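**Student:** Below you'll find the structure I mean.
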Amino acid sequence: MTRITLINGDGIGPEISDAVVKIIDASGLKIDWDVQTAGADVIEKEGVPLPNRVLTSIRANKVALKAPVTTPIGKGFRSVNVQLRKELDLYANLRPCKNLPNVKTKFEDVDIVVVRENTEDLYAGIERQVDDDTAESIKVITRKASERIVKFAFDYAVKNNRKEVCVVTKANIMKLSDGLFLDCFRKVSEGYPQINKREILVDNLCMQLVQNPNQFDVLVLPNLYGDIVSDLCAGLIGGLGVAQGANIGLDCAVFEPVHGSAPDIKGQNKANPTALLMSAIEMLKYIGENSYADNIEKALFKTLEKGIRTADLGGNASTSEFTDAIIREL
Ligand code: NAI
């Protein structure tokens, strides 16, 4: 039986991970879930939000499914999510954004894959208080990290029959840091003559995305732009409740939704488990369980086609009603 680390998270995390575990179980696939807790709740008992046992578990199992974990804003502990990516060197953040059946959005046939660098940039968290009225944050871009993320984007494009990879920077202003990322794109892209290359500035990209998203295929971005643009793309396909994600490294991979712990709807049986379920479907494909992944995806699509939807998508199904409907389709 495949052993997979499961981080239930907090906020809506436990509700949606329960739903996804039930759905996978109903598909007939037997998984030995290695359940690990992390976040604010474990600090009291273990002193840190991300105990070593979580990292040890993921390193051993190679694959994890992770529900969202709350990060205090402006103070408190460092994000468990950012730490996980850093500790396990999960350098590629992959966020496919594709329209789902019967989920009404402004645009049809959006099919964009956001590939975000996951380990450096302003996200490295190198900040200092210069004086009471001044704070500094350092943006770190390295050739090593930039080359491997661009290579990941092109390899993904080749493997998944995509036509174009577009690099997103602000290299006209940040000539050295974003300039280095762009330079790496130009060099690495030479090895992929079959894929179209495109370069765009991040501000122009945002405008184009909300006017004509269908022109984009695979996007590759440094960490911070990738973070913002992937939420924008999530909005194009129906919002955070349906946006899946994965953090992939050389040795292991953590699959997680784009959204956070949604404290505003915690414990109300309202949360949409689709984003975590889509992330789990990608995870099953990653471990080679394609037929189970396809069956679960079909059951999810049929449920949506029948108009059964959670409140964030304009429906009135609760988390458990939506989950049960998918299980009936299976
Ligand atoms: P959020 O994504 O949790 O919520 C934003 C809005 O979207 C809220 O109105 C929420 O109700 C709604 N929403 C999100 N997921 C939903 C779902 N599955 N179904 C229905 N509605 C959903 O973002 P927010 O409020 O900025 O962050 C809350 C906490 O989550 C913060 O502590 C943040 O740091 C953390 N976070 C954790 C992430 C992770 O674990 N990977 C990612 C993003 C945020």
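**Student:** Checking P14 against (1) surrounded by fewer than 18 Cβ atoms within 10 Å (Cβ to Cβ); (2) more than 19 Å from N272 (Cβ to Cβ), which test does it fail?
**Tutor:** Failing condition for P14: (2).
**Student:** So if I check each of I7, I16, I23, which one is within 15 Å of the ligand (Cβ to nearest atom) and either modelled with pLDDT under 90 or farther than 18 Å from V254 by Cβ (or both)?
**Tutor:** I23
**Student:** Considering only residues that are in contact (Cβ under 8 Å) with a residue 60 or more places away in the chain and under 21 Å from T70 (Cα atoms), look in segment 19-37 and name the one that is surrounded by the most Cβ atoms within 10 Å (Cβ to Cβ).
**Tutor:** V20
**Student:** Does S320 fit the bill of being in a helix (DSSP H, G or I), more than 22 Å from Y156 (Cβ to Cβ) and touching a residue at least 24 places away in the same chain (Cβ under 8 Å)?
**Tutor:** When the stated conditions are applied, S320 passes them.
**Student:** Give the residue that is farthest from the ligand (Cβ to nearest atom), with candidates limited to residues of segment 32-52 that are aliphatic (A, V, I, L, M) and in contact with a helix residue (DSSP H, G or I) (Cβ under 6 Å, 6 or more places away or on another chain).
**Tutor:** So the residue we want is L50.
**Student:** Among the numbered criteria (1) at pLDDT below 95; (2) surrounded by fewer than 22 Cβ atoms within 10 Å (Cβ to Cβ), which single criterion is violated by V258?
**Tutor:** (2)
**Student:** Do we find a residue being among the small types (G, A, S) and closer than 18 Å to E282 by Cβ anywhere in segment 150-163?
**Tutor:** yes
**Student:** While we're looking at this one, here's another question. Every residue in segment 53-78 that is touching a helix residue (DSSP H, G or I) at 6+ places or on another chain (Cβ under 9 Å) and farther than 30 Å from D294 by Cα, please.
**Tutor:** Correct list: R53, T70, T71, P72, G76, F77.
**Student:** When you go through K62, K45, K66 one by one, which is the residue that is over 20 Å from G249 (Cα atoms) and among the charged types (D, E, K, R)?
**Tutor:** K45
**Student:** Among the helices (runs of 4 or more DSSP H) lying completely within segment 49-164, list those that include at least 2 residues that are surrounded by fewer than 12 Cβ atoms within 10 Å (Cβ to Cβ).
**Tutor:** Output list reads 52-61, 143-159.
**Student:** Considering only segment 310-330, state which residues are within 12 Å of the ligand (Cβ to nearest atom) and closer than 16 Å to I23 by Cβ.
**Tutor:** Across segment 310-330, the qualifying residues are T310, A317, S318, T319, F322.
**Student:** Output the residues belonging to segment 26-58 that are modelled with pLDDT of 95 or more and touching a strand residue (DSSP E or B) at 6+ places or on another chain (Cβ under 6 Å).
**Tutor:** Matches in segment 26-58: I31, D32, W33, D34, V35, Q36, V54, S57, I58.
**Student:** Another question, if that's okay. Against the definition (within 16 Å of the ligand (Cβ to nearest atom), under 23 Å from M278 (Cα atoms) and charged (D, E, K, R)), how does R116 come out, yes or no?
**Tutor:** Considered against the rule, which asks whether it is within 16 Å of the ligand (Cβ to nearest atom), under 23 Å from M278 (Cα atoms) and charged (D, E, K, R), R116 comes out as yes.
**Student:** So G315 clears everything in (1) more than 21 Å from N247 (Cβ to Cβ); (2) assigned to a helix (DSSP H, G or I); (3) not aliphatic (A, V, I, L, M) except one condition, right? Which one?
**Tutor:** Every condition holds for G315 apart from (2).
The values are calculated or read from the model by the stated rules, or taken from the named source; none is laboratory data. What you see is a predicted model; the values in this text were computed from it and never measured. Please note: Cβ atoms are built from the backbone with ideal geometry, for glycine as well, and neighbour counts cover all protein chains shown.
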